[in-house]
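Here's the structure we're looking at; comments come further down.
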Amino acid sequence: MPRPSRKQAILESLAHELAAQSGNRITTASLAASAGVSEAALYRHFASKAKIFEALIEFAEESVFSRINKVLADSQETVARCYGICYLLLAFADRNPGITRLLLGDALTGENERLHKRVEQFFNRLETQLRQVLREAAMRNEREASVDPEVAARFIVDWSEGRLHHYRRSIFTTSPMDGLEQSWALVVKAVF
């Protein structure tokens, strides 16, 4: 297996540090040491610490949203599509606890406001995708949400974020996938 690039190694080190150092702020010095590079080398690959965080957020966006298209292509059924989108997010979080901490804003305390906006944009985009699925169901006269699509989409995202927060609060010991089907059944009863 080929060795990851320095840039990739830095991002992997940051994700690992975020998962391991619960509640502690990550410094560029500690990140450089963890990645096995000098701080100067760190700055050769990224203009700032904020850019490193931004690259991890972009990785999360690419990982989740590129797979949403497959979920949408695989099923036309609204409940299955909504579940698939949530499943992608929760499975990604389960495999990437450090990035989960970043997406929940926990790791961004004291960091650039632009990063908080990027995380907000991630969840807004997820909500928009769910809202679109719910609106398309109404246009196809399929089983639609019993509440307004905007309210339903927000509720589903809030439910997903709640599972991520529980995962974070358990210090990544209780998977967001635990009891997922039973919990999703409650969402279906509330929304559809």
Inset, instruction - Determine the pairs where a residue that is over 15 Å from S22 (Cα atoms) and at pLDDT 95 or above, located within the range 156-180, has a partner that is assigned to a helix (DSSP H, G or I) and among the hydroxyl-bearing types (S, T, Y) with Cβ atoms under 6 Å apart, the partner being 6 or more residues away or on another chain. - result: P176/Y167
Legend entry - Subset of the range 156-183 [surrounded by fewer than 18 Cβ atoms within 10 Å (Cβ to Cβ) and in a helix (DSSP H, G or I)]: D158, W159, E161, G162, H165, H166, R169, L180, E181, Q182, S183
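Condition check ((1) touching a Gly at 6+ places or on another chain (Cβ under 6 Å); (2) of a type outside the set (A, V, I, L, M); (3) at pLDDT below 95) across all residues:
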site: A91; (1), (2), (3): no, no, no
site: G110; (1), (2), (3): no, yes, yes
site: Q182; (1), (2), (3): no, yes, no
site: F192; (1), (2), (3): no, yes, yes
Legend entry - Residues of the range 138-155 classified as surrounded by 19 or more Cβ atoms within 10 Å (Cβ to Cβ) and in contact with a Phe, Trp or Tyr (Cβ under 9 Å, 6 or more places away or on another chain), total: 2
Legend entry - Whichever residue in the range 110-124 is touching a residue at least 60 places away in the same chain (Cβ under 8 Å) and on the phi < 0 side of the Ramachandran plot and, among such residues, is surrounded by the fewest Cβ atoms within 10 Å (Cβ to Cβ): R114
Inset, instruction - Count, please, the residues in the range 62-77 that happen to be of a type outside the set (A, V, I, L, M, F, W, C), touching a helix residue (DSSP H, G or I) at 6+ places or on another chain (Cβ under 6 Å) and modelled with pLDDT of 95 or more. - result: 2
Inset, instruction - Output the qualifying pairs, or none if there are none: Cβ atoms under 9 angstrom, residues six or more apart or on different chains, first residue in the range 125-142 and outside any helix (DSSP H, G or I), second residue surrounded by 14 or more Cβ atoms within 10 Å (Cβ to Cβ) and of a type outside the set (D, E, K, R). - result: R140/T78; E142/T78
Legend entry - Residue identified as among the hydrophobic types (A, V, I, L, M, F, W, C), over 23 Å from T174 (Cβ atoms) and not in a helix (DSSP H, G or I) among I26, I10: I26
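The values are calculated or read from the model by the stated rules, or taken from the named source; none is laboratory data. Computed from a predicted model, the values in this text were never measured in an experiment. Reconstructed Cβ throughout: ideal geometry from the backbone, glycine too, with neighbour counts over all protein chains shown.
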